[in-house]
Amino acid sequence: MFPEQLNVPLGKWVNQFVDWLVVNYGAAFEAFADSLLTVLVALEQVLRGAPWWVVLIAIAAITWHASKNWKLVVGLVVAMFAIGMLGLWDKAMQTLALMIVATSLSVLIGIPVGIAMAMSNRLRAVMLPILDTMQTMPSFVYLIPALMLFGLGKVPAILATVIYAAPPVMRLTDLGIRLVDPEVLEASRSFGASRKQILFGVQLPLALPNIMAGINQTTMMSISMVVIASMIGARGLGEQVLMGIQRLDVGAGMEAGIAIVLLAVVFDRIGQAYGKRSQRSPNAEDA
Amino acid sequence: MSYIEIRNIFKIFGPDPKSALELAKGGADKDEILAKTGHTVGLHDVSLTIEQGETFVVMGLSGSGKSTLIRHLNRLIDPTAGSISFGGEDILAMDIPALNAFRRKRLGMVFQRFGLLPHRNVMDNVAYGLEIQGTARKKREVAASKWIARVGLAGYETKFPDQLSGGMQQRVGLTRALATDPEVLLMDEAFSALDPLIRSDMQDELMKLQAELHKTIVFITHDLDEALKIGDRIAILKDGKLVQVGRPEEIVLKPADDYVQAFTRDVNRSKVLRAKSIMAPISETEDEATTDLPAVSANARLADILPIALANGTAMTVLDSKDTPIGTLSPQQIVEALDG
């Protein structure tokens, strides 16, 4: 047996820290939670309020814009249609709203952090182990503090999702910028480009395929996390899976599982199509 | 005063260059400093002057410091010690905005692997320097089009770099550097990545452009034939030290040491040497004796004189640019010069 005197009461310390946060900054967290919730609720209302065929047309339009491939458009519309046929349309729209907000937040935070990591080796050395931790820590573990800070519901679900899903876009933004051909950077500097001109004119455009791959991964991870987040009260497809587990209703669980996979496929294909497009300037096709 | 003045430049790579600098100044060589301190000497006490309008070639093998040297001229690399000035202006004293302005207005650079922006088409690559200067789109496209037409890239404006051959890509690289109409062109092994035939074409093209534009060109190469072909003057670098600076003929006829001599051994001398550098000058008194002989220009290269010499078998009169005889050249002299 490991000597008990050497035990470190880390758990207790963390509890004390979270308590302290709640007591001292509870109001601030609440205000933040409220604003996030406003955005989410509005988006959810739009998606659930819109007739199903409007959503299908919107998805078809986005797919066409990304891929210019009508086969893919038909395929993805059929996938969405199938979700409706499973009777899970409304729940899928709830999941979709959560996912869009969580992914947007991840990208909004992730890209600037990734850029900063590419600019500073020191920041990168600090961030990499943090990102590893964010990704390997069992997701249930940070559901708990999120729950304590924000209570049950959608906001902690979004935050847990952001923590889980933001690392890939940070990593790939950093990687993409670091992979830019040094001679191209040198050329740009030799013409007297400022740091801003280099970042927006050279580094980000050339890192775009990697950044798009990161966004795609982030989207996929947020789908999987949104499902887990139903355990702390997020609504949507995950709720259905949870219900299936609780009632040992294999069929209901299976239906929800299939709907989640279909949703993931739709987003993966759209994301990949945009990623492919970003490898080449849009006007390259007619050149 | 010369246009570009480089004074006692040292560049030492490593975590603490200042510590190794004292050793280098004390005369320790590259290997010694690497063994003692782990620092790499890039440039060792290099001083050069470059005149306005000349094509100055820096030649050396890989690791000689030639690419490091050219990057000092636009401060892509800063020296450990020494001074660099353009037209009397100390470029090492410039802060970032001043340096960027200096790079934008007065310098253009061409790279070995082209350094083109892969996400921009030919037009936008050529106009890049103007875009950085803040020129409006319409205006910069007009200016870029002019240069694109001049180097024979018309019709390729909407192509992307990866759709072009290496030679075409480097034409874009050269055009991009010229489009801002800089005073100085820095060319870092600009033609080294090209096929021999294309390389020769590009050298001719550069010389043709230079005859019209009179830029100050600093050209880096590892190829002595290229250096001798395009250079007005040539500097030879070895292990970060300057071995010799001189006109092409001086390099070939009077190599400073065994290192330079080894380089020049395989050079086609007939393409480098000119009549005036090997002729026997006419003394002022005996003038009329040579009038019957075939005449050659003082600047003619031996390669062009040889057919005349073989056809006549006699000595030749060397005329200067005003057609005044300034010397004679015998077949014997030609043979000796070619023999080295």
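Starting from the Kirkwood radius over alpha-carbon pairs of the stretch B:96-231, derive D by Stokes-Einstein at 25 °C in a medium of 0.890 mPa s and give it in µm² s⁻¹. List each step's numbers first, then the result.
Working: Rh = 15.0 Å.
My calculation gives 163 µm²/s for D.
Would you calculate, for chain B, the mean residue ellipticity at 222 nm contributed by helices, counting each DSSP H stretch of 4 or more residues as -39,500 (n - 2.57) and dividing by all residues, to the nearest 500?
Values: 15 runs with 136 residues, N = 340.
Taken over chain B, the calculation gives -11500 deg cm²/dmol.
Which of these, B:Leu34, B:Leu153, B:Leu206, has the largest mean-square fluctuation under a Gaussian network model of chain B (Cα springs below 10 Å)?
B:Leu34
Mind checking which of A:Met220, A:Met117, A:Met85 has the largest fluctuation in a GNM of chain A, springs on alpha carbons under 10 Å?
Taking springs between Cα atoms under 10 Å, the residue moving most is A:Met85.
May I ask for the net charge around B:His72, where only other residues with Cβ less than 9 Å from the Cβ of B:His72 are counted and Lys, Arg are +1 while Asp, Glu are -1? Don't skip to the answer; put the middle values down first.
On the way: positive: B:Lys11, B:Arg71, B:Arg75; negative: B:Asp78.
My count for the surroundings of B:His72 gives +2.
Below 13 angstrom from the Cβ of B:Val318, what's the summed charge of the other residues (Lys, Arg +1; Asp, Glu -1)? Each step should come with its number before you reach the end.
Numbers: positive: B:Arg274, B:Lys276, B:Arg301, B:Lys322; negative: B:Asp304, B:Asp320, B:Asp323.
Net charge around B:Val318: +1.
Using only C-alpha positions, report the orientation-averaged shadow area of the convex hull of the protein assembly as shown, nm², one decimal.
42.9 nm²
Please list, or write none, the lysines whose alpha carbon is within less than 23 Å of the alpha carbon of B:Lys25, excluding same-chain residues fewer than 8 places away.
B:Lys25 reaches B:Lys11, B:Lys36, B:Lys66, B:Lys238, B:Lys241.
Just from the alpha-carbon atoms, what are the Rg and Dmax of chain A in angstroms?
For chain A, the Cα-based Rg and Dmax read 21.6, 73 Å.
Can you give me the long-range amide H partners of B:Leu319? Hydrogens built in the peptide plane at 1.01 Å from N, cutoff under 5 Å, separation of 5 or more residues or another chain.
Under 5 Å from the amide H of B:Leu319 lie the amide H atoms of B:Val296, B:Ser297, B:Ala298, B:Ile326, each far enough along the sequence or on another chain.
Please work out the C-alpha center-to-center distance from the stretch B:78-135 to the stretch B:211-276 and express it in whole Å.
That distance is 27 Å.
Compactness ratio of chain B: Cα Rg over 2.2 N^0.38 Å, N = residue count?
Values: Rg = 22.9 Å, N = 340, 2.2 N^0.38 = 20.2 Å.
The reported ratio for this selection is 1.13.
Could you give the semi-axes, largest first, of the ellipsoid that matches the stretch B:275-339, computed as the square roots of 5 times the alpha carbon gyration tensor eigenvalues and rounded to whole Å?
Value: 18, 12, 11 Å, ordered largest first.
Between B:Val245, B:Val267, B:Val184, where does the largest GNM mean-square fluctuation fall for chain B, given springs only between Cα atoms within less than 10 Å?
Top of the fluctuation ranking is B:Val267.
Taking every pair of Cα atoms in the stretch A:56-150, average 1/r, invert it to obtain the Kirkwood radius, and report Rg/Rh to two decimals. List each step's numbers first, then the result.
Working: Rg = 18.8 Å, Rh = 16.9 Å.
Here the Rg-to-Rh quotient is 1.11.
Note the direction-averaged projected area, equal to a quarter of the hull surface, for the Cα convex hull of the stretch B:59-134, in nm². Mind dumping the intermediate values first?
Details: hull surface 26.7 nm².
Computed as one quarter of the Cα hull surface, the answer is 6.7 nm².
Any read-out appearing in this document is the output of simple, stated calculations on the displayed coordinates, not a laboratory observation. Small disclaimer: the values here were computed from a predicted structure and weren't measured. A quick note on method: Cβ atoms are made from the backbone with ideal geometry, for glycine too, and the neighbour counts reach across all protein chains shown.
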